[in-house]
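Please treat every number below as a calculation from the coordinates, not as lab data. Since the structure is predicted, the reported quantities are computational estimates derived from the model, not experimental observations. Quick reminder, even Gly has a Cβ in these numbers, built from the backbone with ideal geometry, and neighbours come from all protein chains shown.
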Amino acid sequence: MVTDASSASIPAPPYSVPETPSPCTLGATSRSHHGYHLDVSESKASFDKPQSLLANILLSLLVLTLLLGVVEIAGRFLEGQRPIRRVAQYIWDWQRMWDGDFYTVSSRAAGWPPTQEFNGMGLRDRTHSQEKPERAWRMAFLGDSVTMGDKIEAHEAYPQTLAARLEAHGRRIEVFNVALWGWSTRQERIAYERLARPFRPDLVVVGVCLNDIPELQNNLGRPPAWISFLFQHSAFVRWLTNAQGREIANVEELFHAPDSRGARQGFERFFSEIRLLRDSVLSDGAMFAMLVFPFRFQVETGAPPPLVQRRIVGFCQDESIPCLDLLPALRRIGPSAFIDYDHLSATGSRHVADEIERSGWLPAGYSYHEDFRRLETGLARTVTTKDLSTALLTSPDPALREAAAWALGRVADHSEEVVRVLTAALSSDSSRGVRARAARSLGEQSNAARSAKSMLFMALNDESEHVRHEASRALWRIAPDPMPDVPRLVEALENEDQDVRGFAAWKLGEIGPDARDAVPALMAMIERGRDSGEIATRALEHIGSQAVRAVPTLISSLRDEDLHTRANAARALGRIGSREAVEELVIALSDDQGLVRSEAARALGRIGVTAEPAVPALARLLSDTDEQVRAMAARALGFIPGATAAVPELNAALHDDSPRVAREVRKALSRIHASQ
């Protein structure tokens, strides 16, 4: 007998008899027919409920859409009634303009010539040896365009002004200018970690411009990307996010509304970045300090109280950070310290250098003068050239030997004896600092040091990077002797030091046609794709027609993916003047980069008589969108005797919008008519 129906194994009958309705279902409307029970209300609910829910959802969405539409229309109307709040042009939007947090100038500098404005790191500074000189002290200035020296010459920027003074005063203090346009405190921290740190500075100084604070707030206080998207397309979202309330439109707001939310957040972000930078510098065993630059309006009559400077100085006191507020010093000079709203004039830069010298940040010692005085004290009389020579060759103190080498480079009589002693120190002194200073002093002797050239060439292989670099710069200052120098320079093209390779290629170009024996080595440098290939190309350009063997290599460079490589190759081919290059240069006239097109046109003009096949292509370039290209095409046509076919195009180009192009066209027509 089965007592539990759920566990029975007997199959259910074809028809089952419904159970008696429970009391809870008796009130429902129901029908029964032949033993079947149908609950009508329950079935209807299960059928109508999804439709009702969907209708409610759609109705709600419609109402919400209409409401948002009304709000958006009202927002756009009200937004149109308000003037647009503009941000001062001196506040950089670096996230949009740089596609990220950081940038440097794209530079192909290899250190040669040393007069280049930007170095290989993309900074407006000279090339430095990464190896730290012996008995030297390094300081790096981080900053923006104020520190970089925008709108003044590179040597007038305050870091370079300070460096020149220290060198003139015999201080062994090396100065780095690590600054670029638009960098804010965040980029300066990145610049320290990526660029300055490998040089192991002893002091890092960050130059603070007051627009750093709004830049940090406006860039780092942005909402996520999806909100930014809505912000661009919706007045309601713009009102809701109140982006203008977060944004600091100009520096003056920091003075007039210092307690606003935007100002408070800006200061918080600024101080946070300073702490991160300070901690990074201190962890490397270096010292950290701050310079605070004013804006020009602060040195003018009626300027507001320096609330921002007080806040920064107070922060520095709390954090034990040495801080130099430059407002008092620049206020004494007045507006002449500035070129515009914040950039320093050359006068202002000199006064900043004065204040840094007086700051107490520079260490005692690290001075050739002090070491020189020690020598004077020991002799109890005026030091002679002979005394310096003796000290350089025999003193057991490397600091005294280095000071003697420094002093010998400054003696008025550039005698053979001075050169001999410096050469001996360069060849055998155990101190790399002494060898480097001896090499530099030989360079300061200029052509009087010709007899030291063999030793200087040997020093290009010194184990010390600093010595190698000083030797190359000394050789750069001494006039070349082609016969003995070319083989030595060719050997230096294989040096492991990039700076030495760059020097050798540059010097070969300076020698010019007499360096024709170096052409195969320069070609090999280009073909290997070495980092000094651009200088090698320029060397071939200066060797000129004597470098005709290099034409196939340069033609290959015309097809390089790098636009500067193509442009340099075109320029060199023009100087060499080979007919073999004409066809490839005509192809280069269609390059997608204006720089390459203009250099190819210039080259064809220099080739001259054998460049007649290029005339139709040059004539087409008279309508190029690039002014430089049009000017170079017109000039080239003037130097190709068979360019009479381009006279109609030249006549049309007489009305070019560019005065420069029109001038080149007139000259070309004059030459063509004169040759007929």
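Multiplying the sequence separation of Glu153 and Leu276 by 0.36 nm and subtracting their Cα-Cα distance, what value in nm do you get?
Numbers: separation 123, 0.36 × 123 = 44.28 nm, distance 3.21 nm.
Taking 0.36 nm per residue and subtracting the Cα distance, the gain is 41.1 nm.
Report relative contact order for the range 449-508 in percent, whole number only (criteria: Cα-Cα under 8 Å, sequence separation at least 6). Working shown, then result.
Values: 49 pairs, mean separation 18.0, N = 60.
It comes to 30 percent, rounded to a whole number.
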Item checked: Which of Phe255, Phe199 has the fewest Cβ neighbours within 10 Å, and the rest in rising order -> Phe199, Phe255
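At most 12 other Cβ atoms within 10 Å and a DSSP loop assignment: could you name the GluC sites (Glu not before Pro) in the range 118-167 that fit?
Working: sites: Glu131, Glu134, Glu153, Glu156, Glu167; in loops: Glu131, Glu134, Glu153.
For GluC sites (Glu not before Pro) across the range 118-167 that sit outside H, G, I, E and B with at most 12 neighbouring Cβ atoms in 10 Å, the list reads Glu153.
Return Thr423, Thr65, Thr625 ranked ascending by Cβ neighbour count within 10 Å, so the fewest neighbours appear first.
Numbers: Thr423 21, Thr65 10, Thr625 7.
In order of increasing Cβ crowding within 10 Å: Thr625, Thr65, Thr423.
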Margin query: From zero outward in steps of 5 Å, how is the percent of C-alpha pairs of the range 136-358 spread across the bins?
Written below: 1, 7, 14, 17, 19, 16, 11, 7, 4, 2, 1, 0, 0, 0
Check: Pulled fully out, how much extra length does the chain show between Ala524 and His369, if you take 0.36 nm times their separation in residues and subtract their Cα-Cα distance?
Finding: 51.1 nm
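Using Cα pairs under 8 angstrom and six or more residues apart, how large is the relative contact order of the range 375-479, in percent?
Values: 155 pairs, mean separation 23.8, N = 105.
After rounding, I find 23 percent.
Note down the relative contact order for the chain as a percent, whole number, built from C-alpha pairs under 8 angstrom at least six residues apart. Mind dumping the intermediate values first?
On the way: 1031 pairs, mean separation 50.1, N = 676.
Value for the chain: 7 percent.
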Check: Are there GluC sites (Glu not before Pro) in the range 441-525 that DSSP marks as loop and that have at most 10 other Cβ atoms within 10 Å, and which are they?
Finding: Glu463, Glu496
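Decide, for the range 120-196, between rounded, prolate and oblate: order the square roots of the alpha carbon gyration tensor eigenvalues as a ≥ b ≥ c, take rounded if a/c falls under 1.5, and otherwise choose prolate if a/b is larger than b/c, else oblate.
Values: a/c = 2.16, a/b = 1.31, b/c = 1.65.
Here the range 120-196 falls in the oblate category.
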Next item on the list: Along Cα→Cβ, 7 Å out, is where each label goes; now give me the distance between the ones at Glu561 and Glu355 in nm to one decimal.
Entry: 4.8 nm
Next item on the list: Just grab the label-to-label distance for Glu417 and Arg477, each label 7 Å out from Cα along the Cβ direction, in nm (one decimal).
Entry: 2.2 nm
Next item on the list: Using Cα extents along the principal axes in Å as the read-out, say which of [x] 134, 78, 76; [y] 76, 59, 53; [z] 99, 67, 57 was calculated from these coordinates.
Entry: [x]
Next item on the list: In debye, nearest 20, what is the charge dipole magnitude of the range 375-479 about its Cα centre with +1 on Lys and Arg Cβ and -1 on Asp and Glu Cβ, if you could check?
Entry: 240 debye
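Using Cβ contacts closer than 10 Å as the measure, can you line up His169, His128, His655 from fewest to most? Walk me through the intermediate numbers first.
Values: His169 12, His128 20, His655 9.
Ordered from fewest to most neighbouring Cβ atoms within 10 Å, His169, His128, His655 come out as His655, His169, His128.
What is the sum of charges, Lys and Arg at +1 and Asp and Glu at -1, for the other residues whose Cβ falls under 13 Å from the Cβ of Ser395?
That sum, taken over residues with Cβ under 13 Å, equals -3.
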Note to self: With 20 Å as the cut-off, how large is the P(r) tail for the range 375-479, expressed as percent of Cα-Cα pairs?
What the structure shows: 30 percent
Next item on the list: Taking 7 Å along the Cα-to-C-beta vector as the label spot, tell me the Ala652-Glu612 distance in nanometres, rounded to one decimal.
Entry: 2.4 nm
Next item on the list: Quick one: compute a quarter of the convex hull surface over the Cα atoms of the range 468-553 and quote it in nm².
Entry: 4.8 nm²
Margin query: Under the 0.36 nm per residue contour assumption, what length would be gained going from the current alpha-carbon distance of Ser52 and Tyr341 to full extension?
Written below: 97.3 nm
